[in-house]
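> Before I ask anything, let me first share the structure, which is written out below as structure tokens.
No value in this document is a laboratory result; all are computed from the given coordinates. In this text, all values refer to a predicted model and were calculated from it rather than measured experimentally. Here the Cβ positions follow ideal geometry from the backbone for every residue, glycine too, while neighbour counts run over all protein chains shown.
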Amino acid sequence: MSATIFGERNCGLGEGPFWDPIKQQLFWFDIHAYKFYSRSGDKTFEWDLGEHASAAGWVDRDTLLVATETGLYRYGLTDYSKMLVVKLEADTSQNRANDGGLSAVF
């Protein structure tokens, strides 16, 4: 058995990998760094989410539903927009989203 390094990013806590069938890209999170990554061919893309995030699912070609420590957000991949859909247990600050998969159509 052999392994190939997929990317040069070292994640402190990498989670939530998912495949986007429309873009044909892999996405994943580095929870501790508040980062979200994607790779297509030899290019790696990086977004700074500003908070812990660990799961996402595609809405359409340029929009994801992202689970963060504070809520579920529609996140624009091209314009970096972030719109709150619903808060997650706002009355319990110790809780956060964990690794998982989401799919939604809005």
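> Residue separation times 0.36 nm, minus the C-alpha to C-alpha distance between Glu89 and Arg39: what's the value?
Working: separation 50, 0.36 × 50 = 18.00 nm, distance 3.18 nm.
So the chain would gain 14.8 nm between Glu89 and Arg39.
> If neighbour count is taken as other Cβ atoms inside 10 Å, put Ile22, Ile31 in order from fewest to most.
Values: Ile22 9, Ile31 24.
If I rank by nearby Cβ atoms, fewest first, I get Ile22, Ile31.
> Further question on the same structure: Tell me which residues come under 5 Å, amide H to amide H, from Gly71 once H is placed; ignore anything under 5 positions away on its chain.
So Gly71 has HN proximity to Leu88.
> Return the long-range amide H neighbours of Leu77 (sequence gap of 5 or more, or a different chain), with a cut-off of under 5 Å between placed amide H atoms.
Amide H to amide H, under 5 Å and 5 or more residues apart or across chains, Leu77 pairs with Thr63, Leu64.
> Could you tell me which of rounded, prolate or oblate describes the range 14-87, using a ≥ b ≥ c as the square roots of the eigenvalues of the alpha-carbon gyration tensor, with rounded for a/c under 1.5 and, failing that, prolate when a/b is larger than b/c and oblate otherwise?
Values: a/c = 1.72, a/b = 1.27, b/c = 1.35.
Oblate shape, in that a/c is at least 1.5 and b/c is the bigger or equal ratio.
> Same structure, new question: Hey, which aspartates and glutamates would be in cross-link range of Lys43, C-alpha to C-alpha under 16 Å, not counting anything within fewer than 8 residues on its own chain?
Once the sequence-local aspartates and glutamates are set aside, what remains near Lys43 is Glu8, Asp20.
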